[in-house]
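Remarks on the structure that follows.
The values are calculated or read from the model by the stated rules, or taken from the named source; none is laboratory data. As the structure is a computational prediction, the values presented were derived from the model and not from experiment. Virtual Cβ from ideal backbone geometry, glycine too; neighbours counted across all protein chains shown.
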Amino acid sequence: MLSGVVIDKREVRRVALLAETLVEEWLNRQGYFTVRGVKGGVREMDLLAVRHSSSSDPEGLHVEVQASFRPNNYVARLARQHAKDRGVGRTAAIARTPEMVREAAQEWGHDKFLHPVKFSRREAFWPGLSWGYVLVHAVVKDPPGLGEFRREGMRLIYLKRVLEDLCRGSSTLKPAVKQSLEGIVPTQTSY
């Protein structure tokens, strides 16, 4: 329960799937071939995207999408050791020191992009390809924390940009659909 409102877990998953679908469409329009939901055991990658042009080597992206009904305080859960030391769950919305934010970003980045299972699945998908790591995110209440993801080598893309790009160049999206899509990501002026 958040702020007295019960959110159905199925609805949360639907928003996540919608966001992934929109990001996939956005990548496809930029010339990427995409595969969604690549699994390695219980670990899953949201999107793998590859683009090849005659003038350059293939470009590979491993894309993770984070979207929700409400702005997240933090993208990454607390680092395991910090949660254990404080006796709280990893999703606890507690104030975090810069060190806690940095360690959470490092752990999240490793789990999402650098875990050996994910490395081997990407290698099986396209052997020898160098992959870039991308985090597409919705509104985050603590934007300075996003800087830690950049320092970890991730490219950050605001989901609102994806929606704007899709809506701007598309005569195939009806105004009501555009309005519904834009409602997923509220306007944020603090960036």
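Condition check ((1) in a strand (DSSP E or B); (2) at pLDDT 95 or above; (3) not aromatic (Phe, Trp, Tyr)) across all residues:
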position: ARG13; (1), (2), (3): no, no, yes
position: ALA19; (1), (2), (3): no, no, yes
position: VAL23; (1), (2), (3): no, yes, yes
position: TRP26; (1), (2), (3): no, yes, no
position: VAL38; (1), (2), (3): yes, no, yes
position: ALA49; (1), (2), (3): yes, yes, yes
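So in region 1-11, with the set limited to residues that are surrounded by fewer than 10 Cβ atoms within 10 Å (Cβ to Cβ) and not in a strand (DSSP E or B), which one is modelled with the highest pLDDT?
Of everything passing the filter in region 1-11, ARG10 is modelled with the highest pLDDT.
Which of (1) touching a Leu at 6+ places or on another chain (Cβ under 7 Å); (2) crowded, with 17+ Cβ neighbours inside 10 Å; (3) under 30 Å from ARG168 (Cα atoms) does MET45 not meet, given it meets every other one?
So MET45 meets the others, but not (1).
Counting only residues that are among the small types (Gly, Ala, Ser) and surrounded by 14 or more Cβ atoms within 10 Å (Cβ to Cβ), which one in region 88-131 is farthest from VAL63 (Cα to Cα)?
ALA92
Regarding VAL63, is this residue part of a helix (DSSP H, G or I), β-branched (Val, Ile, Thr) and buried (at least 19 other Cβ atoms within 10 Å of the Cβ)?
no
Assess whether ALA93 counts as being in a loop (DSSP other than H, G, I, E, B) and more than 15 Å from VAL65 (Cβ to Cβ).
yes
Does region 104-115 include one or more residues that are outside any helix (DSSP H, G or I) and modelled with pLDDT of 85 or more?
Checking region 104-115: at least one residue is outside any helix (DSSP H, G or I) and modelled with pLDDT of 85 or more.
I want to confirm something. Restricting to region 12-41 and keeping residues that are touching a helix residue (DSSP H, G or I) at 6+ places or on another chain (Cβ under 9 Å), over 15 Å from HIS62 (Cα atoms) and among the aliphatic types (A, V, I, L, M), which single residue is surrounded by the most Cβ atoms within 10 Å (Cβ to Cβ)?
ALA19
Name the pairs whose Cβ atoms lie under 8 Å apart, with the first residue in region 156-168 and free of Cβ contacts under 8 Å to residues at least 12 places away in the same chain, the second crowded, with 16+ Cβ neighbours inside 10 Å, and 6 or more positions between them or separate chains?
Nothing qualifies.
Does ARG150 count as surrounded by 13 or more Cβ atoms within 10 Å (Cβ to Cβ) and either in a strand (DSSP E or B) or of a type in the set (Lys, Arg) (or both)?
So ARG150 does not fit the description; no.
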